[in-house]
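Take a look at the structure set out below.
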Amino acid sequence: MPESTWWKRGIVYQIYPRSFQDSNGDGVGDLNGIRQRLDYLAWLGVDAVWISPIYPSPMADFGYDVADYCGVDPMFGTLADFDALVADAHARGLKLILDFVPNHSSDQHPWFLESRASRHNPRRDWYIWRDPAPGGGPPNNWGSNFGGSAWTFDEASGQYYYHAFLKEQPDLNWRNPAVRAAMYDALRFWLDRGVDGFRVDVIWHLIKDEGFRDNPPNPGYTPALGDIQRTLQVHSCDQPEVHDVIAEMRRVLEEYDDRVLIGEIYLPLERLVAYYGADLSGAHLPFNFQLIHTAWNAREISRLIGEYEDSLPEGGWPNWVLGNHDQPRIAARVGQAQARVAAMLLLTLRGTPTLYYGDEIGIAKVDIPPDAVRDPWERNEPGLGFGRDPQRTPMHWDSSPQAGFTEGAPWLPLGPEHPTCHVESQSKDPRSILSLYRALIELRRRHPALSVGGYASLRTDANVLAYERRRGEERLIVLLNMSAEDKHVELGALGLEGGRVLLSTRLDRSDEFTGHSVELRASEGLIVKF
């Protein structure tokens, strides 16, 4: 793919549709609400919008239990609303990426209702059914990612069905060619409507071990890790045959021009990069979540970046993610001061960055009272900190009682800082974190070295992450102070002098010139042009 490809140069912005903008006062965000905020996204400067699932669903897992792959849940609107959203986004130069959930459907999907009807139903093999173990009980020891066994017994047929997540989310049998054909037709349904690509949910789960062997015990297990960590998931996911499936999926997208396939993959680097596929025939962007789980210090992050760059297959394009609907917000993990440093890191690394709605205004952790918990994972394993509600709370647009999100009662509580932390005030404050994000995005667009240039690590103070981005004659240095103390950086030792500051995370040092050294204030990042 040439470097001008939109998903290489562009920035992806994830929207959790329930929480972005409500247009009808029911307290839940919807498609028309997203349409109302497209001008904001264009103003911010992002290139593509990824929308979490909007399909018809009983909402056992808030849309990740799909009852119809070719429709829109009335909660979010209609197909006509979706078509209007695509048209309005494209009119503003924005691409639209849709979440696709192929590993499992809802237990209310017509396919599963047929599959469950009898052992002899033509769609029985569309899902994963197994007899009980010889001594009774589940067929093997596979666990659900949301706690407990991954097998549920069906009294009527005397067999168990497999669900990697909730029992209301039975796994489809991707070894069945008919399932693949049906799913590829669903992709074409949305591609024909103008969708620019897909983020594929839990793509590494699609194929399971053909012999359904037990997963081995995890020697490092402790109860704090949750049920799913009792065993090592070597047989229930990440099987070699999954790459053939992803290559087929990629070929469907290649029937259309200029589309992107993104895979959700929580795996170590050496296994993650295999999802680019042989000869880059797999996902264009296997999502790289390593920054979310790496210790927040310069040494560890520098090591991670180097390992990732070294692991990429030739021609494989990198990508970076700092937050999403499943992980605690970046400001909650590292604090408000370092959240600015994180913004500069994300938007100056080589590769495609993905922003999560609300991070650009610094929304932090929102405490959810026990009676307001909605996440099924938290309900299944309470008290372990797995609840995902805090990162799914409504967007803060203004200082009104419901932050401009809704005229009704929001489906999740708003953050306590919403009266002062919102788009309206920050868009007028030249020193706000929102202004920083916008400046970084504009700088990235203006300087190709930041979007498609090369990357090289620089050795400085142990608490300063330093690297070079270069394209042709353009040479930019990024210096990130990841400590709460001021740091002196000797540029002369790096062979650098006579630089000009393009941007500080504090937005107050533009055009300052550097000599043989530069002073970094606590939790400050600089981009310097040489």
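We did not get these values from a lab; they are worked out from the coordinates using the rules stated. As the structure is a computational prediction, the values presented were derived from the model and not from experiment. Here Cβ is always computed from backbone atoms with ideal geometry, including for glycine, and neighbour counts include all displayed protein chains.
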Next item on the list: Divide by every residue of the chain the summed helix terms, -39500 (n - 2.57) for each DSSP H run of at least 4, and state the resulting mean residue ellipticity at 222 nm, rounded to the nearest 500 deg cm²/dmol.
Entry: -7000 deg cm²/dmol
Check: Between segment 359-394 and segment 463-526, how many Å separate their Cα centres?
Finding: 37 Å
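Which of Glu524, Glu497 has the fewest other C-beta atoms within 10 Å, and how do the rest follow up to the most? Present the calculation step by step, with values, prior to reporting the outcome.
Numbers: Glu524 22, Glu497 13.
By the 10 Å Cβ count, ascending, the order reads Glu497, Glu524.
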Next item on the list: Please report Thr514, Thr420, Thr78 as a ranked list, fewest other C-beta atoms within 10 angstrom at the top and most at the bottom.
Entry: Thr420, Thr78, Thr514
Next item on the list: Could you tell me which of the pairs Lys95/Lys428; Lys8/Lys487; Lys95/Lys167; Lys365/Lys529; Lys208/Lys365 are separated by over 30 angstrom between their Cα atoms in the structure shown?
Entry: Lys8/Lys487; Lys95/Lys167; Lys365/Lys529; Lys208/Lys365
Checklist line | Fewest-first ranking of His488, His163, using other Cβ atoms within 10 Å as the exposure measure | finding: His488, His163
Notebook entry, point to check: Roughly what would the spin-label model give for Ala372 and Asp192, points 7 Å off Cα along C-beta, in nm?
Noted result: 4.4 nm
Checklist line | Calculated FRET efficiency for the pair His120/Arg445, C-beta based, R₀ 56 Å, to 0.05 | finding: 0.45
Check: Within a Cβ distance under 15 Å of Glu485, other residues only, what is the Lys/Arg minus Asp/Glu net charge?
Finding: -2
Check: DSSP beta bridges in the chain, what fraction antiparallel, as a percent rounded to 5?
Finding: 60 percent
